[in-house]
Amino acid sequence: MSAVGRTTSASLVGRATSAVGRAALAKEIQSEVEKLQRVRQNCITKQKNFEKSAAEIKTHTSELKGKLSKMFSERRKKLDEDEKCALRLIDEHEHSLLSGIRDSSETFHSMAEQIRLVDEEAQNLMQEDSISFIQKSMELLSKVVETQKLIFPDPPEPALNLSNLPQLKKLMEESEMSYSTTDELGQIHDWMESTCGKGPAEPAIIAHIQSKPSSLLLQTRELSWLTLDPNTASKNLVLSVDLRSVRYSEKEQHYPSNPQRFQTYSQILCSQSFYCGHHSWAVETGGSWWGIGIAYKNIQKTGSNSDLRRTSKAWCLYQGINVLRACHNSKHTLVPLKSFIEKIQVHLNYDAGTLAFYQVTDTLTHLHTFKTIFTQPVYPAFCCENNTWLQLLN
């Protein structure tokens with residue numbers, strides 16, 4: 001042992017031999033041990049935090065995978081529906097073309113047969129005696145002249161021109177819109193990497209991971225950004241600049257005359273139509289006199305048959321003061337009203353022929369479902385009366 005070591009040991013032993021020195025040394029040791037215990041506790045706490053973060057990441061990853069699987073499942077379902085709609089539109093176009101060609105073919109066949117009969121009659125007449133020939137010649141000449149006056153119709157162009165199908169083009173555009181969320185999926189991927197690679201998950205990142213799939217699902221289901229059609233608006237309706245809300249006004253607006261404009265009732269249609277598949281939209285309500293529903297484009301615009309409640313060309317949920325009714329073709333079904341309605345969700349399944357209405361609060365409360373067979377494209381339709389307003393939310 002070195003001289004310094006021997007001196008230090010001797011010093012410690014000397015200190016320990018006295019009561020005061022022993023107490024001081026014990027206190028010093030205790031202080032150092034407590035420091036180590038605090039370090040140990042900090043290590044245990046950090047370890048638990050990492051274990052908690054790992055558990056949260058596993059939970060949120062599992063939820064994310066479930067939601068994304070559901071989203072892609074709905075996309076596949078939507079794609080299948082779009083395919084069926086597109087094939088049906090092409091089949092209808094083909095049927096229309098072939099029907100026109102068949103009608104024209106039958107017309108030409110009939111005309112050719114008529115000419116053949118006149119020619120055959122002329123040939124037979126040439127074989128008859130002079131007296132019979134003279135008697136029948138004037139009648140035959142008259143038939144020949146009349147046959148020459150036959151008008152040959154212009155046959156339809158026998159070509160499948162898909163550019164003449166705006167509904168098909170619109171369907172394909174909407175189908176492409178459902179795949180517009182690639183960037184957001186990339187962001188979720190980045191968030192997952194940052195969460196898994198940098199220790200405990202930040203609350204903001206976890207919130208993003210939890211919330212983003214829901215918004216993606218919403219975009220997948222709610223493809224239709226509806227806008228109101230100003231050409232159909234009653235002159236007692238005032239539209240917002242973005243064509244997303246409408247309110248009633250006693251003062252008539254200076255709208256130009258238009259055969260598509262509602263004249264008798266303060267009603268309006270949307271610019272967009274639906275002709276297949278599933279669709280959903282929400283409407284916020286203000287006031288006590290409103291109607292929300294769908295209608296065919298050729299609904300009358302004036303007279304009692306233009307009323308969404310009384311025509312066979314519209315299906316409507318209509319509220320008066322403390323009274324809610326489901327209306328179609330003058331048939332009114334009373335709907336129990338439990339509380340004041342501030343928001344309505346509309347679900348349309350065109351192919352199944354159902355139109356369902358729900359009251360939106362913290363939950364969805366079913367109000368009424370129409371069941372029918374749609375024969376034309378349908379347009380979201382609205383009515384505002386007595387200082388009421390409506391606003392499209394999606």
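The values are calculated or read from the model by the stated rules, or taken from the named source; none is laboratory data. Just so you know, these numbers come straight off a predicted model, no measurement behind them. Don't worry about glycine lacking a Cβ; one is built from the backbone with ideal geometry, like all the others, and counts go over all protein chains shown. To get the accessible areas, we keep the full protein, side chains included, count just its heavy atoms, and leave off ligands, DNA and RNA. Shrake-Rupley method; radii C 1.70, N 1.55, O 1.52, S 1.80 Å.
Some points to look at:
- Checking Gly320 against (1) in contact (Cβ under 8 Å) with a residue 24 or more places away in the chain; (2) surrounded by 14 or more Cβ atoms within 10 Å (Cβ to Cβ), the condition it does not meet: (2)
- Residue in segment 290-311 that is open to solvent by less than 70 Å² (accessible area, probe 1.4 Å) and farther than 17 Å from Ile268 by Cα present: no
- Residue selected from segment 340-361 under the condition closer than 20 Å to Thr388 by Cα and touching a residue at least 24 places away in the same chain (Cβ under 8 Å), by the criterion surrounded by the fewest Cβ atoms within 10 Å (Cβ to Cβ): Glu342
- The condition of being at pLDDT 80 or above and touching a Lys or Arg at 6+ places or on another chain (Cβ under 7 Å) does not hold for Leu36.
- Under the condition of being at pLDDT 95 or above and open to solvent by 40 Å² or more (accessible area, probe 1.4 Å), the residues counted in segment 278-289 number 1.
Rundown of residues vs (1) of a type outside the set (Phe, Trp, Tyr); (2) assigned to a loop (DSSP other than H, G, I, E, B); (3) farther than 21 Å from Thr232 by Cα, yes/no style:
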residue: Asp351; (1), (2), (3): yes, yes, yes
residue: Gln359; (1), (2), (3): yes, no, yes
residue: Gln376; (1), (2), (3): yes, yes, no
residue: Phe382; (1), (2), (3): no, no, no
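- Of the set (1) at pLDDT 95 or above; (2) more than 22 Å from the chain's Cα centre (by Cα), all apply to Val346 but (2).
- No other residue among Tyr255, Tyr275 is of a type in the set (Phe, Trp, Tyr), surrounded by fewer than 20 Cβ atoms within 10 Å (Cβ to Cβ) and in contact with a helix residue (DSSP H, G or I) (Cβ under 7 Å, 6 or more places away or on another chain) apart from Tyr275.
- Qualifying residue in segment 239-257 (condition: over 21 Å from Leu392 (Cβ atoms) and either in contact with a Ser or Thr (Cβ under 6 Å, 6 or more places away or on another chain) or touching a residue at least 24 places away in the same chain (Cβ under 8 Å) (or both)): no
- Considering residues of segment 362-389 that are out of contact with any Phe, Trp or Tyr (no Cβ under 9 Å at 6 or more places or on another chain) and either free of Cβ contacts under 8 Å to residues at least 12 places away in the same chain or within 28 Å of Ser249 (Cα to Cα) (or both) only, the residue surrounded by the fewest Cβ atoms within 10 Å (Cβ to Cβ): Asp362
- Candidate set: segment 217-246, residues that are basic (Lys, Arg) and open to solvent by 30 Å² or more (accessible area, probe 1.4 Å); chosen: the one modelled with the lowest pLDDT: Arg221
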